[in-house]
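The values are calculated or read from the model by the stated rules, or taken from the named source; none is laboratory data. Being a predicted model, the structure only gives us computed values, none of them experimental. Cβ atoms come from the backbone with ideal geometry, glycine included; neighbour counts cover every protein chain shown.
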Amino acid sequence: MLYREFSDQESIDQQYNPLSTASDAGDIIAGWEQKSALARKVLKGHLGLRFGPTVSEFLDIFPSGNAKAPLHLFIHGGYWRRFTARDFSFVAPGLVEAGISVAVMNYALCPAVTVREIVRQTRSAIFWLKENAAKYGSDATRLSISGHSAGGHLLAMALSTDWPRDYGIPQECIGGACAISGIFDLAPLPYSYLQPKLQLFADDVQHLSPIRRIPNQAPDLTVMVGDEETDEFVRQSRDFLTTWQDKGLAGNWELIPGAHHFNILDGFEDSASRLFKTVLDITNI
């Protein structure tokens with residue numbers, strides 16, 4: 001077997017290609033681009049704030065207008081090889097209206113960089129926000145994070161960070177987190193259609209799989225996935241949360257009815273959705 005019960009690439013690809021359960025993905029992605037362009041027009045934003053040395057390392061911050069309002073960081077997906085922060089500005093308007101400042105992170109993409117480098121960039125972005133967000137009308141002492149798909153992986157890796165040792169900031173620097181449709185075990189991906197771009201090796205699987213890097217201390221975590229996603233996406237989320245809770249950490253489960261890997265993000269635009277309410281909860285609104 002290549003991974004669990006999977007003995008061939010075709011079966012792994014079927015489970016790990018989100019498009020297999022989302023025939024309308026193309027239209028949804030086009031909608032993201034249109035709504036994000038509109039969001040950048042109507043919201044006050046500080047765009048392209050560099051948190052690292054390369055041009056891809058930047059944050060877009062959309063302040064709520066209250067300098068004491070909590071800050072929420074969104075980390076986008078795309079299997080570490082697609083999309084930019086500018087495709088996801090649409091997550092901000094509803095949260096800003098609710099009194100939450102929003103930051104959307106951009107990062108370099110595979111194969112130009114490795115997944116390991118993207119993990120480093122994610123940690124650097126969080127550190128930068130803790131040190132600099134106040135200059136842009138946001139309160140990073142009340143920082144929460146969400147991440148979608150590969151962004152859920154990056155979020156989970158950020159939660160595994162030894163912040164005092166590596167960055168000199170408190171371990172409690174993140175107040176709450178929500179992983180949306182994430183990937184938490186990288187082991188199947190070297191056998192998938194993604195490998196030519198990701199170039200994952202055994203050491204990467206061991207050190208970059210969040211399910212193998214559960215921290216001793218972490219904020220409350222909600223693990224969310226759509227009930228129309230593939231069995232493996234749902235299983236990965238369940239297994240990660242179980243392993244998280246087995247370590248004695250606080251975690252919550254949200255299986256979203258009628259949601260697949262792409263339309264699950266519609267929740268950012270619906271104040272009555274479980275996703276929106278979860279973000280409010282983890283930001284203590």
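Tabulated data for the structure shown
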{"item": "Residue identified as over 28 Å from GLY31 (Cβ atoms) and crowded, with 24+ Cβ neighbours inside 10 Å among ILE100, ILE126, ILE145, ILE75", "result": "ILE126"}
{"item": "Residues that are of a type in the set (Gly, Ala, Ser) and either in contact with a His (Cβ under 6 Å, 6 or more places away or on another chain) or without any contact (Cβ under 8 Å) to a residue 60 or more places away in the chain (or both), drawn from segment 131-157", "result": "SER144, GLY151"}
{"item": "Top-ranked residue of segment 218-246 - restricted to ones that are free of Cβ contacts under 8 Å to residues at least 24 places away in the same chain and not charged (D, E, K, R), ranked as nearest to TYR79 (Cα to Cα)", "result": "VAL234"}
{"item": "Unique match (being of a type outside the set (S, T, N, Q) and touching a helix residue (DSSP H, G or I) at 6+ places or on another chain (Cβ under 6 Å)) among PHE90, PHE58", "result": "PHE90"}
{"item": "Residues satisfying the stated conditions in segment 236-270, i.e. more than 21 Å from GLY26 (Cα to Cα), among the aromatic types (Phe, Trp, Tyr) and buried (at least 23 other Cβ atoms within 10 Å of the Cβ)", "result": "PHE240, TRP244"}
{"item": "Selection count, segment 99-125, where residues are aliphatic (A, V, I, L, M) and in contact with a strand residue (DSSP E or B) (Cβ under 7 Å, 6 or more places away or on another chain)", "result": "6"}
{"item": "Which listed residue, of PHE201, PHE233, is surrounded by fewer than 20 Cβ atoms within 10 Å (Cβ to Cβ) and over 30 Å from LYS68 (Cβ atoms)", "result": "PHE201"}
{"item": "Subset of segment 249-285 (residues that are within 20 Å of GLU172 (Cβ to Cβ), touching a residue at least 60 places away in the same chain (Cβ under 8 Å) and part of a loop (DSSP other than H, G, I, E, B))", "result": "THR283, ASN284, ILE285"}
{"item": "Residue within segment 203-225 that is closer than 20 Å to THR84 by Cα and either part of a strand (DSSP E or B) or modelled with pLDDT of 95 or more (or both) present", "result": "no"}
{"item": "Scan of segment 128-153 for residues that are more than 27 Å from ALA67 (Cα to Cα) and not small (Gly, Ala, Ser), ordered by number", "result": "HIS153"}
{"item": "Counted residues, segment 115-155 - those being assigned to a loop (DSSP other than H, G, I, E, B) and either of a type in the set (Val, Ile, Thr) or more than 25 Å from HIS261 (Cα to Cα) (or both)", "result": "2"}
{"item": "Top-ranked residue in segment 42-58 [being closer than 15 Å to VAL96 by Cβ and of a type outside the set (Val, Ile, Thr); ranked as surrounded by the most Cβ atoms within 10 Å (Cβ to Cβ)]", "result": "GLY45"}
